[in-house]
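**Student:** Got a structure for you, questions after.
The values are calculated or read from the model by the stated rules, or taken from the named source; none is laboratory data. Just so we're clear, the structure is a prediction, and the values are computed from it rather than from any experiment. When we count neighbours, we look across all protein chains shown, and the Cβ atoms used for this are built from the backbone with ideal geometry, even at glycine.
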Amino acid sequence: MTAICQLFESQAGESAARSGQSGQGFTARYDRSMRSGLVIAIALAACSSTPQTSHTRFVTVGSDAVATALAVSAQDGQLAQVFATTDDAAILAIEEHELEALSHAMHEAHGRCGGFMLHETRIDAELALLPPDAQATPDYTLRRPAIVGALLPQIEATRIQGTIAELSAMKNRYYRSESGAAASAWLAKKWASFTDRSDVTIELFDQGYPQKSVIMTIPGLTDEVVVIGGHLDSIALGGMSSNAPGADDDASGIATLTEVARVVLASELRPVRTLKFIAYAAEEIGLRGSLAIVKEFKKRRVNVVGVLQLDMTNFQGSDRDIWIIDDHTSRAQNAFLVKLIETYLPDTTWGSDRCGYACSDHAAWHAAGIPASMPFEARSRDMNRHIHSAKDTLEQSGHNAQHAAKFARLATAYAVELAQLDVAPPLVCGYALPRDTGRDVDTSILSILGLLGLVGIGWVLTSRLAPALTRQP
């Protein structure tokens, strides 16, 4: 291993020298050949002379935000170590008590909520620097205009406003606070009130701190999964003791998500693809909730084919309604969102913008090679400047949720078309007849035809042989 370390460090040193990089500790700039596999991550972790202590955490930040992170650590008189960089991001080791200050600095300097990823291990951080796997995209053909047309008028802005008001009335929803934990329980109870279906499940996903991520699952007919999410936590200076109503960031996204869930469940429609609604914990402190869920889903081989993130939906700060974030997202799925807007929301205007590294939970999915998108309430430069403070209240949005309702309609169209919502299938011999899944041949058709064939053969044999068997000799 020593020889491997020496070779790797030599290559990394040459790369750093070429790019003019320097810093405290071991710093490497990866080129394409050096980012080609897990060997790099394992070698870096094994060769490091600075092991992680109980108070040191590894984070990745955008390459444009390294100076910001170093400035945060310098306030304690000890500069954070920069271990590796790419053109997109860098790995730093910082002290755990600096995470809240880092979150605040990322917001103030770069307009990012979160703005960094907090990793369990250094190897996880190294893996985050690797280019995401090629994304396999589903068929984005629009097939359900009648169903979308029936559901969109059921979106109620007043209900979204009411949910924002209830969430923002909590002192804060900080991931380590009692009120943050209470927010998870409150939301799980609210979602449970939408249906008495036994097949719909609600899970409080435990990540090791008081606030839990909330996951509601509407099962489908295939192993493919569609995720619609937003983050449940809020933050302001002061952490657990802060006054952080978070009406826009991100009670608005959770309220939008909640209204979509209500309308879908009230419709009694059934998805072909399993549909999951997720309220992530601890987004503001390094996307901790979404990173943990992505890691668990990858471990369980959950086949997620699309993710929509709703983070800040109710402050219309720009001249257009919906802004599609086009960095750290799926180009193909973004085009699908545009198609949904232009087809089903003709009065809604849209544009494209960027938000930078790890600006919300969609980035965790994108890094794992899963198509993810985030429609945003305004251009990044025009975003709500009162977030992360006691002034993030409904007042900033005119005490209504008309803007958020546009996002709820888009997310509803997304759910119908991508999860393939349809009427409940009829049953034949206890089996659900197959529905249109967009495939040329559905194997369930063959299964049911085979079942019916066996039933027919059995009936023929019984009707012909039974009299002969019962005939007296």
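**Student:** Here's a check for you: in region 120-156, which residue that is farther than 23 Å from Q207 by Cβ and among the small types (G, A, S) is surrounded by the fewest Cβ atoms within 10 Å (Cβ to Cβ)?
**Tutor:** My answer is A134.
**Student:** Here's a check for you: in region 120-146, which residue that is over 17 Å from the mean Cα position of the chain (by Cα) and among the polar types (S, T, N, Q) is modelled with the highest pLDDT?
**Tutor:** Of everything passing the filter in region 120-146, T141 is modelled with the highest pLDDT.
**Student:** Applying the selection to region 288-303, what residues are in contact with a strand residue (DSSP E or B) (Cβ under 8 Å, 6 or more places away or on another chain), buried (at least 22 other Cβ atoms within 10 Å of the Cβ) and aliphatic (A, V, I, L, M)?
**Tutor:** The answer is L291, I293.
**Student:** If you check T274 against the conditions, is it modelled with pLDDT of 95 or more, surrounded by fewer than 22 Cβ atoms within 10 Å (Cβ to Cβ) and touching a Lys or Arg at 6+ places or on another chain (Cβ under 6 Å)?
**Tutor:** When the stated conditions are applied, T274 does not pass them.
**Student:** Still on this model: Filter region 323-369 for residues that are among the acidic types (D, E) and either touching a strand residue (DSSP E or B) at 6+ places or on another chain (Cβ under 8 Å) or not in a loop (DSSP other than H, G, I, E, B) (or both); which is farthest from L310 (Cα to Cα)?
**Tutor:** E342
**Student:** Turning to a different aspect of this structure: Which condition does A183 not pass, out of (1) within 23 Å of A372 (Cα to Cα); (2) in contact with a helix residue (DSSP H, G or I) (Cβ under 9 Å, 6 or more places away or on another chain); (3) of a type in the set (A, V, I, L, M), if it passes all the others?
**Tutor:** The number of the failed condition is (1).
**Student:** Let me ask you something else. How do the pairs read when you match residues in region 135-164 that are within 18 Å of A372 (Cα to Cα) with residues anywhere that are polar (S, T, N, Q) and crowded, with 18+ Cβ neighbours inside 10 Å, using Cβ under 6 Å and keeping only pairs 6 or more apart or on different chains?
**Tutor:** Q135/S330
**Student:** Pairs under 6 Å by beta carbon, first residue assigned by TED's automatic domain parsing to the domain that holds I325 in region 369-384, partner crowded, with 18+ Cβ neighbours inside 10 Å and of a type in the set (D, E), six or more apart or different chains?
**Tutor:** Close Cβ pairs (under 6 Å, with a partner that is crowded, with 18+ Cβ neighbours inside 10 Å and of a type in the set (D, E)) amount to R379/D353; S380/D353; N384/D248.
**Student:** Next question, about the same structure. Of all residues in region 177-205, count the ones that are in a helix (DSSP H, G or I) and either in contact with a strand residue (DSSP E or B) (Cβ under 8 Å, 6 or more places away or on another chain) or more than 17 Å from E284 (Cα to Cα) (or both).
**Tutor:** 10
**Student:** Moving on. Taking A405, is it assigned to a loop (DSSP other than H, G, I, E, B), more than 30 Å from R301 (Cα to Cα) and of a type in the set (G, A, S)?
**Tutor:** Taking the combined requirement at face value, the residue does not satisfy it.
**Student:** Pairs, please: C-beta under 6 Å, at least 6 apart or cross-chain, first residue under 27 Å from V227 (Cβ atoms) and surrounded by 11 or more Cβ atoms within 10 Å (Cβ to Cβ) and in region 412-434, second basic (K, R) and modelled with pLDDT under 95?
**Tutor:** As it stands, the answer is D422/R435; P425/R435, since those pairs meet every condition given.
**Student:** Same structure, new question: Scan (1) at pLDDT below 90; (2) buried (at least 20 other Cβ atoms within 10 Å of the Cβ); (3) not charged (D, E, K, R) for the single condition M117 breaks and write down its number.
**Tutor:** (1)
**Student:** Examine region 73-92 for a residue that is within 24 Å of M240 (Cα to Cα), crowded, with 24+ Cβ neighbours inside 10 Å and hydrophobic (A, V, I, L, M, F, W, C), and state whether such a residue exists.
**Tutor:** no
**Student:** State yes or no: is Q161 surrounded by 15 or more Cβ atoms within 10 Å (Cβ to Cβ) and modelled with pLDDT under 95?
**Tutor:** Considered against the rule, which asks whether it is surrounded by 15 or more Cβ atoms within 10 Å (Cβ to Cβ) and modelled with pLDDT under 95, Q161 comes out as no.
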